[in-house]
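See structure below.
The values are calculated or read from the model by the stated rules, or taken from the named source; none is laboratory data. Given the structure is predicted, the values throughout are model-derived calculations rather than measurements. Because the Cβ atoms are built from the backbone with ideal geometry, glycine has one as well, and the counts that use them run over all protein chains shown. Side chains are part of the model used for accessible areas, which takes the heavy atoms of the whole protein and leaves out ligands, DNA and RNA. Shrake-Rupley method; radii C 1.70, N 1.55, O 1.52, S 1.80 Å.
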Amino acid sequence: MSEIEQAVKEIEAYVAADGWDGPVRVFSLVDAEAAMAVNSTLAAELPADATGLLSIEQEGLPSSDSIDELLGRLAWPDAVDGAAISLERVTLPPEAEAEIPDDAEEARRFVAADPRREDIRMVVGVLRNGESWCTIRLRSHDSQAEAISGADLVPQMVEALLATFAE
C-alpha cells in the first residue's frame with residue numbers, strides 16, 4: 001500500500017469515528033521522520049520508529065461559501081508533502097438529474113426530500129508529486145470494509161487539491 005493510500009484510509013477512519021453530518025475537514029500531510037527531526041515535542045509524542053505520512057488536521061479554516069473558494073485560500077509551506085480533504089455530499093442517480101429544479105433553493109429542497117438520495121463522504125488526498133488517493137463511503141453502507149477506494153475516483157477534487165500546491 002502506498003503512503004498516500006495509507007494516509008487517506010487512516011483519515012477516513014478518523015473522520016468516520018465522529019459520525020455523519022460533519023464539517024469539511026482539511027489535513028496537511030508531512031513525512032513523519034522529517035517532522036520529528038525538526039519538532040522535539042512531536043518526536044516525544046510519536047513512536048521513535050514512526051514512518052510514512054503524518055496527517056495534521058488544520059483548525060481555524062477560513063469561512064467560505066464553497067469548496068473551491070476554501071481551497072483557493074489554502075497555500076502550503078515547503079515542509080508539507082501533501083494535503084487531504086474530507087467532505088460530505090448528497091448524490092442522486094443520473095436519471096434524477098432532469099427532474100432537479102433550476103432554482104437553487106428549490107433544488108436543495110428537491111434533493112433533500114428525494115428518496116433516491118445517497119449521502120456520501122469523500123476523503124481525497126494528494127502529494128506534491130501528483131500522486132493521489134480517494135476513498136468514498138456511502139451512508140447506506142457505513143463500514144470501512146465497504147468504502148470504495150482508488151487513485152482518481154474524484155478527479156476534479158484531486159485537481160483542486162493539487163492546485164493548492166501551485167506556486
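General remarks:
- Selection count where residues are open to solvent by less than 60 Å² (accessible area, probe 1.4 Å) and either of a type outside the set (A, V, I, L, M) or at pLDDT below 90 (or both), scope segment 18-39: 11
- Once segment 81-119 is narrowed to residues that are surrounded by fewer than 16 Cβ atoms within 10 Å (Cβ to Cβ) and part of a strand (DSSP E or B), the residue that is nearest to the chain's Cα centre (by Cα) is ARG89.
- Checking each residue in segment 122-149 for being surrounded by fewer than 14 Cβ atoms within 10 Å (Cβ to Cβ), part of a helix (DSSP H, G or I) and of a type outside the set (Asp, Glu) picks out SER140, HIS141, GLN144, ALA145.
- Pairs where the first residue, in segment 50-79, is without any contact (Cβ under 8 Å) to a residue 60 or more places away in the chain and the second is surrounded by 14 or more Cβ atoms within 10 Å (Cβ to Cβ) and of a type in the set (Phe, Trp, Tyr), C-beta under 8 Å, 6+ apart: SER55/TYR14; SER55/PHE27; ILE56/PHE27; GLU57/PHE27; GLN58/PHE27
- Residues that are closer than 12 Å to GLY125 by Cβ and out of contact with any Asp or Glu (no Cβ under 7 Å at 6 or more places or on another chain), drawn from segment 153-163: LEU153, VAL154, MET157, LEU161, LEU162
- Tally of residues being outside any helix (DSSP H, G or I) and either among the basic types (Lys, Arg) or buried (at least 18 other Cβ atoms within 10 Å of the Cβ) (or both) across segment 150-167: 3
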